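Coordinate-derived values only; no laboratory data. What you are looking at is a predicted structure, and each value in this text was computed from that prediction instead of being measured. Here the Cβ is made from the backbone with ideal geometry for all residues, glycine too, and neighbour counts use every protein chain on show.
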Amino acid sequence: MRKAIAIHGNLRTFLMPMRENGSPLYQNFLDSVINPNLDADLDVYISADVNDFYYDGYQYYTEESVIECTNNNSFRLYDKIKIVPVDEAREIIERELRRIIPNVKYLNVIHGFEASSHPAYEKLLNSGMAGAGAEPLINQNHKIYDLYKAITESKEKYDAILRVRFDCIYSGSFDLNRYNFHDGVIYTPGTKTIFCFDWYMMGNQRNMEIFMSLYERIGYTTEYQVWLLECTGCGTRSVEDWDKEKNPREGNICPFCKTTGSHFSDITISSEHHIGRQAILSGISPSYGGVHVAVYRYDEVSNDSVDKLERILSSEEIKGHKFVNYSVDPKSKGERIL
Ligand SMILES: [Zn+2]
């Protein structure tokens, strides 16, 4: 069985010792993702970002970058941040990844891509719709698209492709021989009707190419508005098509139990909706991949606080650097010089 593992994104906590046992997060990655599939038929493709990674006691950003955050989440930053030239960051990333990961066929460390160059950027910003920031959405799909191009240009034909990111912890392992990769199915961490979680995806090459080329179609979900309903009355937590004619959000009345107090969030342009809607349009059924996954943050999510964020950002070492908060909340959203 010819297999490709396609890894994308910022390394973030990949090289960081885990709080639970002191072992680096990548050891969990090797045990769960690589080692169960390691033989001569495995090729690894990597598209990494030059910014935002832990190495040897610091979180690294490059000189021309911005330090990024969402919703004032302090767990997205490590206690100590270091700013280095692009070449230095790239050298660390390439050296460490080649040391740790076997069977690497393609390794690209991306620097200098501007999300604003994407044709749908303005449309996303001005859509009035929510669910994702335009920058993170475009940046993520750009790296996945880079992997898609590397795989198609290689002319290799794979029976299975597993797409994963660097900063996750897995409570199980992916033995690709266990799955049936027929047409019309992809394996994911789970779905909620039209919403498909995006931390990993597996499928045959034909199916995976549809999702790995989503970069070409980002923003198409604005044609299909959806909202996440969370009702404290009946416990419903579901993603619903947004029928503006019926305007079900009026008075925050739950369409199922008719009580007030339900909460509606627009998630039309989220990455999860892009994938879930694409599956419907392509006649593909997302199935559960059987492996539980969580994003492993720089700090416990329970330690999240604005005070901690401000303490990290007030460090002398990053004075003068640009900080951006990609929150959809207008109170937190914005950029400033530290
Ligand atoms: Zn309800």
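How big is region 173-316 in terms of Cα radius of gyration and Dmax, in angstroms?
Calculated on Cα positions, Rg and Dmax stand at 18.7, 55 Å.
Cα to Cα, under 14 Å, and not fewer than 8 places away if on the same chain: which aspartates and glutamates meet these conditions relative to LYS333?
Output for LYS333: GLU68, GLU135.
Select from region 106-205 those trypsin sites (Lys or Arg not before Pro) which occupy a DSSP coil region and have at most 16 other Cβ atoms within 10 Å, ordered by residue number.
LYS155, LYS157
Sorted from fewest to most neighbouring beta carbons within 10 Å, what does the list SER173, SER32 look like?
Least crowded to most crowded, the residues run SER173, SER32.
Which residue, chosen from PHE211, TYR224, ILE267, occupies the Cα position most advanced towards the positive end of the dipole of the chain, where the dipole is computed from +1 (Lys, Arg) and -1 (Asp, Glu) charges on Cβ about the Cα centre?
TYR224
Go from 0 up to the bin containing the longest alpha carbon distance in region 38-86, width 5 Å each, and give me the % of pairs per bin.
Each 5 Å bin holds this share of Cα pairs: 5, 18, 22, 20, 11, 8, 8, 8, 1.
In angstroms, what radius of gyration and Dmax does region 123-218 have, counting Cα atoms only?
14.5, 45
Name the residues whose placed amide hydrogens come within less than 5 Å of the amide hydrogen of ILE46, ignoring near sequence neighbours (fewer than 5 apart) on the same chain.
It is ILE7, TYR106, LEU107, ASN108, by chain and number.
Between region 199-239 and region 1-70, what is the C-alpha centre distance in whole Å?
Here the answer is 24 Å between Cα centres.
Show me, bin by bin at 10 Å from 0, the whole-percent P(r) of region 174-230 based on Cα pairs.
In whole percents, the pair-distance histogram is 18, 47, 27, 8.
What does the chain give for Rg and for Dmax, in Å, if only its C-alpha atoms count?
Over the chain's Cα set, Rg and Dmax evaluate to 20.3, 60 Å.
Plugging the Kirkwood radius over Cα pairs into Stokes-Einstein for region 65-159, at a temperature of 20 °C and a viscosity of 1.002 mPa s, what D comes out in µm²/s?
D = 131 µm²/s.
Got a sec? Charge dipole of the chain, +1 on Cβ for Lys and Arg, -1 for Asp and Glu; which of PHE197, ILE93, SER282 is way out at the positive end?
SER282
Which of the pairs LYS3/LYS149; LYS105/LYS143; LYS82/LYS149 have their Cα atoms more than 22 Å apart in this structure?
LYS82/LYS149
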